[in-house]
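Please read the structure below before turning to the comments.
The values are calculated or read from the model by the stated rules, or taken from the named source; none is laboratory data. No experiment lies behind these values; they were computed from the predicted model shown. Heads up, the Cβs are rebuilt from the backbone with ideal geometry, glycines too, and the neighbour counts pull from every protein chain shown. Only protein heavy atoms, including side chains, enter the accessible area calculation; ligands, DNA and RNA are left aside. Shrake-Rupley method; radii C 1.70, N 1.55, O 1.52, S 1.80 Å.
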Amino acid sequence: MTENTENAPQEAPQENILIIDFGSQVTQLIARRVREAGVYSEIVPFNAAEDAMARLNPRAVILSGGPASVTEMGTPRAPDWVFEANLPVLGICYGEQTMVEQMGGGVEAGHHREFGRAELEITADTPLFDGVWKTGEKHQVWMSHGDRVTQLPDGFEVVGVSKGAPFAAIADQKRNMYAVQFHPEVVHTPDGAKLLNNFVHRIAGCKGDWSMAHFRDVEIAKIRAQVGDGRVICGLSGGVDSAVAAVLIHEAIGEQLTCIFVDHGLMRLNEGDEVVRLFREHYNIPLVHVEAGDRFLGALDGVADPEKKRKIIGGLFIDVFEEEAKKIGGAAFLAQGTLYPDVIESVSFTGGPSVTIKSHHNVGGLPDRMNLKLVEPLRELFKDEVRALGRELGLPETFVGRHPFPGPGLGIRIPGAVSPEKVKILQQADAVYLDEIRQSGLYDDIWQAFAVLLPVQTVGVMGDARTYDFVCGLRAVNSVDGMTADYFPFDHAFLGRVATRIINEVPGINRVVYDVTSKPPGTIEWE
């Protein structure tokens with residue numbers, strides 16, 4: 001086996017926007033909005049920005065929000081070079097405050113908090129607002145701050161104000177430095193994406209030619225250079241991410257790839273068979289199918305705590321995968337479908353809570369004892385970008401467009417202890433629910449829909465007999481970015497049809513409820 005690093009292809013010149021993270025829960029959304037504008041962006045923690053600057057050679061820098069206060073000692077700051085490199089800079093929320101403080105202005109703590117929707121009055125025209133907002137207009141924005149700017153550095157002017165922030169938008173147009181107290185990256189600022197588009201195109205001068213076709217070609221070349229003539233094993237979870245990674249790698253190295261599909265028995269109804277057919281029949285990719293449902297259910301017997309269940313499923317997945325990898329032998333590389341959000345959420349950039357979010361098997365690779373090098377071709381992509389790459393690679397739309405499914409599967413859609421009986425009941429109920437959604441032509445309009453088997457049983461009367469069966473909960477949410485979500489407004493006729501079918505067709509359920517809770521800005525996982 002040789003790993004061809006000396007002759008590795010050089011990636012084509014690429015416009016970059018560097019996003020320096022100070023710990024905001026919605027920093028990912030900044031990167032998404034920039035990429036939606038056709039420009040590659042990358043998030044780095046504030047204390048690693050200098051290395052990223054040298055590696056990326058960015059066209060501009062964006063400073064994210066964050067939970068700290070610049071009025072306190074020891075809180076994060078931007079590297080001084082950010083303001084000395086003659087690059088366009090945009091500060092957002094905390095990013096505005098640290099920009100102002102580091103450049104000689106003033107910030108005060110905690111006297112005029114603004115959280116939620118606010119009204120921004122435009123007081124001056126700037127390239128940031130060009131074609132979007134005009135002087136004298138008022139527009140809705142989303143605020144989330146406790147501190148506020150009180151004095152501007154030399155060269156800056158006020159270009160927007162709100163009730164709680166007299167310096168809600170500021171600009172030094174000669175130096176191409178801009179800052180806003182609100183969050184343009186969230187959907188609750190309706191024109192925010194347009195402002196970011198102005199920053200990357202009008203102010204930073206980016207052409208916006210980053211595409212999935214370009215990414216595909218570059219990544220295939222990188223995979224070939226990394227792997228050489230070595231063998232790769234890929235862990236399939238049954239979801240879109242690992243499937244796209246496998247197809248991309250197979251396009252790069254062909255028969256050098258072997259996929260291992262650990263079927264933990266906690267997937268949606270018939271989904272394991274669909275994965276096997278896709279890889280063996282449609283793509284003819286070498287696949288080892290491990291049917292380990294009994295083993296996983298045995299390990300979960302009597303376990304009710306959701307985090308323990310996640311860790312049991314993740315740990316056993318690794319054990320089973322390792323056993324099969326040893327049988328194959330000869331592989332030097334492990335491929336998996338790690339995404340950019342996985343990378344971000346698994347690293348504590350600012351000492352925040354994000355490290356606890358990802359606790360199942362798709363992050364961080366396998367144990368060191370396996371002595372495998374990682375191949376993670378999707379680690380720079382967001383979920384919607386992975387779907388776009390899947391379409392670029394020719395995966396069936398029915399597979400690419402699947403609703404997100406958690407790594408631990410139905411194990412966390414069954415609150416409380418898991419049993420084979422409960423899994424069977426939930427699989428059937430979930431299948432009925434999704435079938436009705438598809439028949440109604442709503443599947444592609446919904447970001448995620450699924451059934452939950454609640455840990456309660458109720459007394460009911462079905463025909464002439466009493467029953468004591470489970471309650472099935474239904475969820476369906478809309479989301480633009482996966483960071484915020486609201487329940488999908490089914491009409492009562494639809495819910496009535498679904499409930500009737502589930503109760504009639506799924507033994508063990510005698511009541512169906514629909515969840516109408518929303519997912520507020522800043523939370524990361526729905527499940």
Identity of the residue in segment 271-283, in contact (Cβ under 8 Å) with a residue 12 or more places away in the chain and open to solvent by 30 Å² or more (accessible area, probe 1.4 Å), that ends up nearest to PRO408 (Cα to Cα)
GLU274
Any residue at all in segment 124-134 that's aromatic (Phe, Trp, Tyr), touching a Lys or Arg at 6+ places or on another chain (Cβ under 7 Å) and buried (at least 20 other Cβ atoms within 10 Å of the Cβ)?
no
For segment 11-23, give me the residue count where each residue is surrounded by fewer than 24 Cβ atoms within 10 Å (Cβ to Cβ), of a type outside the set (Gly, Ala, Ser), touching a Pro at 6+ places or on another chain (Cβ under 6 Å) and assigned to a loop (DSSP other than H, G, I, E, B).
0
Can you tell me which residue in segment 37-56 is surrounded by the most Cβ atoms within 10 Å (Cβ to Cβ), limited to those that are out of contact with any strand residue (DSSP E or B) (no Cβ under 7 Å at 6 or more places or on another chain) and at pLDDT 90 or above?
ALA37
Filter segment 213-268 for residues that are among the polar types (S, T, N, Q) and closer than 17 Å to ILE285 by Cα; which is farthest from the chain's Cα centre (by Cα)?
GLN256
Condition (residue is modelled with pLDDT of 95 or more and outside any strand (DSSP E or B)) applied to segment 109-118: is it met by at least one residue?
no
Can you tell me which residues in segment 284-311 are of a type in the set (A, V, I, L, M), open to solvent by less than 40 Å² (accessible area, probe 1.4 Å) and closer than 23 Å to LYS327 by Cα?
ILE285, LEU287, VAL290, ALA292
Quickly run through segment 326-338 and pick out the residues that are surrounded by 20 or more Cβ atoms within 10 Å (Cβ to Cβ) and of a type in the set (A, V, I, L, M).
ALA331, LEU334, ALA335
Please specify each residue of segment 409-447 satisfying the condition of being touching a Lys or Arg at 6+ places or on another chain (Cβ under 8 Å), in a loop (DSSP other than H, G, I, E, B) and under 23 Å from GLY235 (Cβ atoms).
VAL418
Search result, residues across segment 257-270 that are surrounded by 22 or more Cβ atoms within 10 Å (Cβ to Cβ), aliphatic (A, V, I, L, M) and farther than 15 Å from GLY337 by Cβ:
LEU266
Within segment 159-270, considering only helices (runs of 4 or more DSSP H) that don't extend past its boundaries, which have at least 1 residues that are closer than 26 Å to ALA85 by Cβ and at pLDDT 95 or above?
192-198
For PRO406, state whether it is under 30 Å from ILE503 (Cβ atoms), assigned to a loop (DSSP other than H, G, I, E, B), open to solvent by 40 Å² or more (accessible area, probe 1.4 Å) and touching a residue at least 60 places away in the same chain (Cβ under 8 Å).
no
Let me confirm something: among VAL161, VAL186, which residue is of a type in the set (A, V, I, L, M, F, W, C) and more than 31 Å from the chain's Cα centre (by Cα)?
VAL161
Take GLY254 and tell me if it is under 17 Å from VAL375 (Cβ atoms) and open to solvent by 50 Å² or more (accessible area, probe 1.4 Å).
no
Taking the criterion of being among the charged types (D, E, K, R), touching a residue at least 24 places away in the same chain (Cβ under 8 Å) and surrounded by fewer than 23 Cβ atoms within 10 Å (Cβ to Cβ), would at least one residue in segment 84-94 satisfy it?
no
Is it fair to say GLU101 is more than 30 Å from the chain's Cα centre (by Cα), surrounded by 15 or more Cβ atoms within 10 Å (Cβ to Cβ) and not in a strand (DSSP E or B)?
yes
Scan segment 144-154 residue by residue and report those that are open to solvent by less than 60 Å² (accessible area, probe 1.4 Å) and over 19 Å from ALA68 (Cβ atoms).
LEU152, PRO153
List, please: which pairs have Cβ atoms under 8 Å, are six or more places apart or on different chains, and start with a residue in segment 294-312 that is in a helix (DSSP H, G or I) and end with one that is of a type in the set (Ser, Thr, Tyr)?
LEU297/SER419; GLU307/SER359; ARG310/SER359; LYS311/SER359
Mind checking which residues of segment 59-76 are open to solvent by less than 70 Å² (accessible area, probe 1.4 Å), out of contact with any Asp or Glu (no Cβ under 8 Å at 6 or more places or on another chain) and either of a type in the set (Lys, Arg) or not in a strand (DSSP E or B) (or both)?
GLY65, ALA68, THR75, PRO76
Within segment 135-143, can one find any residue that is farther than 14 Å from GLU96 by Cβ, open to solvent by 50 Å² or more (accessible area, probe 1.4 Å) and assigned to a strand (DSSP E or B)?
yes
Residues of segment 414-469 satisfying the condition of being open to solvent by less than 30 Å² (accessible area, probe 1.4 Å), closer than 24 Å to PHE494 by Cα, small (Gly, Ala, Ser) and more than 24 Å from the chain's Cα centre (by Cα):
ALA429, GLY460
Could you look through segment 478-514, keep only residues that are part of a loop (DSSP other than H, G, I, E, B) and open to solvent by 40 Å² or more (accessible area, probe 1.4 Å), and pick out the one that is modelled with the lowest pLDDT?
VAL480
Being over 20 Å from the mean Cα position of the chain (by Cα), touching a residue at least 12 places away in the same chain (Cβ under 8 Å), within 28 Å of GLU108 (Cα to Cα) and open to solvent by less than 20 Å² (accessible area, probe 1.4 Å): is that true of VAL26 here?
no
